[in-house]
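What follows is a set of notes on a single structure, which appears directly below.
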Amino acid sequence: MLTNACKYAIRSILYLAIKTNEDCKISVKTIADELETPQPFLSKLLQQLTRNRLVSSTKGPNGGFYLSDENKQNTIWDIIEIIDGTSKFDECFLGLSKCEDENPCPVHFIVSPFKKRILVNFRDKTISQYVDDIKQSKKIISLKDFDILKK
């Protein structure tokens, strides 16, 4: 449903929200290494997110990317709008040109509640709230140091 670009953008913003602030900035190289994403591609994404005020950055020897308190009030929906656009959330799951409650496709009533729940979370939950959830539940955003053989 989301492009790799959008997935990388969401993961990088969550990573920055967990690891950074105005006094602690991180280079694109570090972010790319930690999230196992292609650095040149991630660099362009972060520049785009910075231009759209979803990420903050400073240049120079102590520069890098970070999330300000204001940035953390954005939502996953804000990221999706910038990177992928939101039209795919309005499209029929089966690709029909017209699909709605009055004229549904065969899976409309299965997919519709799922889409609504995703939209509510993506639109209403801030990056800051996602970070709180990640910290409390120990969810992961990278598999880099995850040992699948440990139990």
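No lab work stands behind these numbers, since they all come straight from the coordinates. In this text the structure is predicted, and so the values were computed from the model without any measurement. Methodologically, a virtual Cβ is constructed for each residue, glycine included, from the backbone with ideal geometry; neighbour enumeration extends over all protein chains shown.
Spin-label model, Arg51/Leu96: points 7 Å from Cα along the beta carbon direction are separated by 3.9 nm. From its DSSP helices (H runs of at least four residues, each -39,500 (n - 2.57)), the chain gives a residue-normalised ellipticity at 222 nm of -15000 deg cm²/dmol. Across region 122-131, computed HN-Hα scalar couplings (Karplus, 6.51 cos²θ - 1.76 cosθ + 1.60, θ = phi - 60°) run 5, 7, 9, 9, 7, 4, 4, 5, 4, 4 Hz from first to last residue, x flagging Gly and Pro. Listed by chain and number, the aspartates and glutamates whose C-alpha is less than 20 Å from the C-alpha of Lys7, apart from same-chain residues fewer than 8 away, are Asp33, Glu34, Glu36, Asp78, Glu81, Asp84, Asp90, Glu91, Asp124, Asp132, Asp133, Asp145. Labels on offer are (1) 2, 8, 15, 15, 12, 8, 6, 4, 4, 4, 4, 4, 4, 3, 3, 2, 1, 1, 0; (2) 2, 9, 14, 15, 12, 10, 9, 8, 7, 6, 4, 3, 2, 0, 0; (3) 2, 8, 17, 19, 17, 13, 10, 8, 4, 2, 1, 0, and the one holding P(r) over Cα pairs in 5 Å bins from 0, in percent computed from this structure is (3).
Here r is the Cβ-Cβ distance between Lys29 and Thr3 and R0 is 30 Å; the resulting FRET efficiency, rounded to 0.05, is 0.85. Once the chain from Val120 to Val107 is taken as fully extended at 0.36 nm per residue, the excess over their C-alpha distance is 2.6 nm. The residues Asp101, Asp124, when put in order of fewest to most other Cβ atoms within 10 Å, stand as Asp101, Asp124.
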